[in-house]
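Report on one structure; see the data block that follows.
Taken together, the values in this text are just the output of simple stated rules run on the coordinates, not laboratory data. On a predicted model such as this, the values are computed, not experimentally measured, just so you know. Glycine also receives a Cβ, built like all others from the backbone with ideal geometry; neighbour counts cover every protein chain displayed.
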Amino acid sequence: MQVLRTQKYRLYPTAEQAEKLAEFARVVRFIYNLALEQRRDFWRQFKRATGKSLNYVSQGRQLTELRAENDWIAAVPANCQHSALQDLDKAFAKFWRGGGYPQFRKAGTHETFEVKAADTGTRPLNRKWSQVRVPKIGWIKYRDTRPISGDIRSTRVVCEGGKWFACIGVRTEHEASASALAAVGIDRGVTLALAMSDGNTATVPHSLVDLDKAARRAGRVLSRRKRGSARYRKQRSVLAATKTKATRVRRDWQHKATTAICRDYGTVVIEALNTKGMTRRAHEKGVAQKRGLNRSILNVGWGSIEMMLTYKLEERGGTLIKINPAYTSQTCSACGTIDKGSRESQARFVCTSCGHSENADINAAKNILRQGLPGVDGGGCAPVEARTIHPRLAA
Ligand SMILES: [Zn+2]
């Protein structure tokens with residue numbers, strides 16, 4: 001089986017190239033918004049007049065006319081604009097399935113366009129630098145941090161926090177899971193970012209904690225600046241740059257952590273994501289500063305981790321199981337006794353019944369695994385201590 005994945009690189013365009021990238025993004029956004037407006041306001045008239053629906057094909061035909069009449073639209077590769085129309089088709093498909101109505105793309109947030117496989121490609125410059133091709137602009141330099149691992153399907157160019165990136169979509173061969181049967185439970189911990197039932201942990205890098213702090217500080221400074229002033233604008237770009245950097249570091253960490261998990265395990269059990277529950281758990285875990293914990297959850301980006309686990313497991317034919325997290329932090333993973341008092345401290349679990357002592361988050365991860373796979377007596381899930389399961393929980 002083949003899978004699609006995206007490899008992201010920082011672009012270093014020349015001033016002239018950067019100007020063109022911005023112009024391309026602007027025109028593609030205009031096409032997208034125009035097509036959305038047309039679908040929203042004129043779909044009925046169009047159907048009455050032509051007997052057809054407004055979709056990617058009919059709008060693509062109109063795009064050709066638009067390009068013939070407007071030089072500034074024709075100055076941007078047709079394929080990039082067709083991609084935007086396809087994006088809109090996808091957005092509507094999502095809407096028909098019960099999602100939200102497609103939104104207009106905004107300047108500043110949607111600075112992006114896509115180049116299809118036929119029009120893009122990469123070539124190495126030297127050991128550290130390579131170039132990616134964008135039609136009508138040419139070869140743009142990028143920092144080559146890792147080799148392209150398959151056939152290039154597309155290149156999405158995107159501007160985030162004033163910096164340009166190339167998200168290169170590649171098709172690679174499916175990697176079979178090393179141990180499709182092995183299962184692991186994961187707790188979103190307080191003391192450790194991710195605690196696993198096999199005893200492993202994954203903590204967010206310290207640089208990320210610092211970046212988040214810096215971003216909050218920059219936000220506070222911004223709120224004191226006078227709106228629209230030069231100092232306001234300057235501070236706003238400082239804030240944007242810090243946030244972008246934090247996002248990049250976080251995304252990188254999330255990818256590494258989830259890839260490692262999916263390489264080792266075919267079945268992953270996690271707590272069902274529920275913001276209310278999380279706040280409640282903050283209380284349950286005995287954290288004085290609830291605000292602080294909620295922040296640390298934001299730091300980890302549990303939602304993204306769940307999303308990454310979902311698709312990475314799917315790629316490998318694995319499963320993600322979500323359970324109700326009630327009592328997972330108060331239950332002894334060794335004897336099954338549920339007692340609020342079994343928490344010596346925020347970090348340490350000590351069972352009031354059997355005396356079993358363990359890191360509180362890893363203890364919870366073991367309970368999560370057991371709850372996700374009831375009846376599994378350690379048979380398929382190697383890392384669980386199955387020998388001491390209490391009859392009450394094993395049933
Ligand atoms: Zn116990």
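Quick notes
- Eigenvalues of the alpha-carbon gyration tensor of region 71-165, scaled by 5 and square-rooted, set the equivalent ellipsoid semi-axes at 28, 16, 14 angstrom, largest first.
- Rounded to the nearest 20 debye, dipole of region 1-174 from Cβ charges on Lys, Arg, Asp, Glu: 500
- Bins of 10 Å from zero: percent of alpha-carbon pairs in region 24-110: 17, 50, 29, 4
- Dipole of region 56-192, positive end: most advanced residue of Gly108, Val132, His82 [Cβ charges, Cα centre]: Val132
- Normalised by 2.2 N^0.38 Å, where N is the number of residues, the C-alpha radius of gyration of region 1-174 stands at 1.11.
- Simple Cβ-charge dipole of region 76-131, Lys/Arg +1 and Asp/Glu -1, about Cα centre, in debye nearest 20: 260
- Proxy reagent accessibility, fewest Cβ within 10 Å first, across Cys159, Cys335, Cys80: Cys335, Cys159, Cys80
- Cleavage-rule hits, trypsin sites (Lys or Arg not before Pro), region 65-97, DSSP coil, Cβ neighbours within 10 Å at most 11: Arg97
- When the C-alpha to C-alpha distance is required to be over 20 Å, the pairs from Lys116/Lys256; Lys163/Lys245; Lys128/Lys213; Lys163/Lys256; Lys47/Lys106 that qualify are Lys116/Lys256; Lys128/Lys213; Lys163/Lys256; Lys47/Lys106.
- Exposure proxy for Ser58, Ser333, Ser149: other Cβ atoms within 10 Å of each Cβ, ordered fewest to most, give Ser149, Ser58, Ser333.
- Ranked by how many other Cβ atoms sit within 10 Å of their own Cβ, fewest first, the residues Phe113, Phe42 fall in the order Phe42, Phe113.
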